[in-house]
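Shown next, in structure tokens, is the structure this report addresses.
The values are calculated or read from the model by the stated rules, or taken from the named source; none is laboratory data. Just so it is clear, the model here is predicted, and its values are computed rather than measured. Methodologically, a virtual Cβ is constructed for each residue, glycine included, from the backbone with ideal geometry; neighbour enumeration extends over all protein chains shown.
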Amino acid sequence: MIHGLPSRHFSPRQATRKECDEEQGIRPAPPDRRGIEEKVHMMVNTTSGAVVGSTSDGVAAFRGIRYGKLANGRRFDPVAPAAPDSAQDLRDSPAIFPQLASRLDAVLGSVWREHPQEEDAFLLNIWAPSGASNRPVLFFIHGGGFVSGGGVMPWYSGERLAREGDMVVVTMNYRLGPLAHLLAGPAADDANRAVDDLLQALTWVRENIALFGGDPDNLTVGGQSAGAFYTQVLAVLPESRNLIRRLLLMSTPGIPPASRNRIETLSNEVIENLHGADPKDVPIESLLLSHQEVAKKRVAFGSIAPTSLMPMADGRVPDWLDDPARIVQEMGATQLLVTFTQDETGAYFFSSRERDITDEEIRRLGYQPTKSYDTPYAALIACTTDAMFADHSRALVAASHQHGVRAELREFSLPSPLDGMGSCHGIDTPFLFGNRAAWVGARMLEGIADDIFDAESEKLRRTVADFVHLP
């Protein structure tokens, strides 16, 4: 159950580097200031222990904070609150949850490979303006098709949003793939462990964010792709719906949770591939590979519908999350900012056999283009973008207006110069965070001039900052 503690509105105290290191058991390194900007180190006592961070260029950054743990230390356990003496992950690249290469690695890059993978990576990062007090909070949930990514990755560095938008930014990891959604036995009943992870992270934020200068009662929850799907879930769950003032929904897939029958079928196939090994004990790579094999067999020509394990409709997670009117009716948020990209599905198809699709194949797939396109491939991108993302986004905003909810719709249209990719799924995320250098190997950004990137990024950051500060 999410609840708030009495507000404690005071700024983190400055701490000496020696204090911070002693708290974390770190031996001091010899001083070396060559070319290194002097930073002010900070220490904050939270419900999960003392955490250290540093202030640079007007922003205090705290990384690798533990918000939860496996209840009994075993795979598939429920998440529990982090212990009050939890160790902060102070590695340059904090841990993320186990994963394999995703379908979009060729588009987004593979920065995730630089991070250790651990099954208890219940970690979050915080960025706050120096000296902040009672600032609005953006709780941002990363995407990744329910199987990849991590909120502590540099892709989601909230430094620029915090500094320029005068807000506190929180990003977090949550369990992925089979660790999150496998029904791990005949009596298993929980295929929504990732939802509980996010609820626990939200609980931690409610209890602690005032210590970092954030206002726990002024919360915007946002996410991109799978993160936007989870944002919708949090927006309607009884435990969280009344805690959220605003929703930022980026490239929200217009799909419902999976049925129990579908998750049972997928889970059984994953377990069968283990040839008698217990999914609770098998090496994690074997479990991930088994799941990947099951999902790949279901990928269909001309479709980007999820084929992997994902959230399941149950007594809490409703089966109507593809119904915009119902979402708006049930949510507690009163302000929405909804975005999608012009050519979402170009990220999935630009290097696939769909590039040579014919008009006849499009008709066989059941798509009916509403206008003429230069090529059948362009028609496929338009039809699948509407079907999976844009139609749901437009309907959310229309339903919001009908219910008296303030809502705005934005289409991101800057294209990748790469042929066939367009303004694809995920291309807007680096523009939101304004951290192009973090997106090493992201082909979708190749050829976009720095001045164009900077101008578009500034516009998007300003839009989100204005939204987060709405009264």
Output the residue which, of all residues in segment 16-68 that are in a loop (DSSP other than H, G, I, E, B) and at pLDDT 50 or above, is surrounded by the most Cβ atoms within 10 Å (Cβ to Cβ).
-> Y67
Note on segment 69-112: residues of a type in the set (S, T, N, Q), buried (at least 19 other Cβ atoms within 10 Å of the Cβ) and over 19 Å from the mean Cα position of the chain (by Cα) are S86, Q88
Within segment 336-355, tally of residues that are part of a loop (DSSP other than H, G, I, E, B) and among the polar types (S, T, N, Q) | 4
Within segment 384-471, helices (runs of 4 or more DSSP H) holding 3 or more residues that are among the charged types (D, E, K, R) | 450-468
Filtered residues of segment 225-242 (kept if within 24 Å of R461 (Cα to Cα) and in contact with a Leu (Cβ under 8 Å, 6 or more places away or on another chain)) = A228, F229, Y230, T231, Q232, L234, A235
Regarding E118, is this residue without any contact (Cβ under 8 Å) to a residue 40 or more places away in the chain, farther than 17 Å from L202 by Cα and surrounded by fewer than 21 Cβ atoms within 10 Å (Cβ to Cβ)?
-> yes
Of all residues in segment 324-364, how many are surrounded by fewer than 18 Cβ atoms within 10 Å (Cβ to Cβ) and touching a residue at least 12 places away in the same chain (Cβ under 8 Å)?
-> 12
When P306 is run through (1) in a helix (DSSP H, G or I); (2) touching a strand residue (DSSP E or B) at 6+ places or on another chain (Cβ under 8 Å); (3) within 17 Å of R175 (Cβ to Cβ), the failure sits at (1)
Which numbered condition I448 misses (of (1) among the β-branched types (V, I, T); (2) over 21 Å from the mean Cα position of the chain (by Cα); (3) over 24 Å from E114 (Cβ atoms)) = (3)
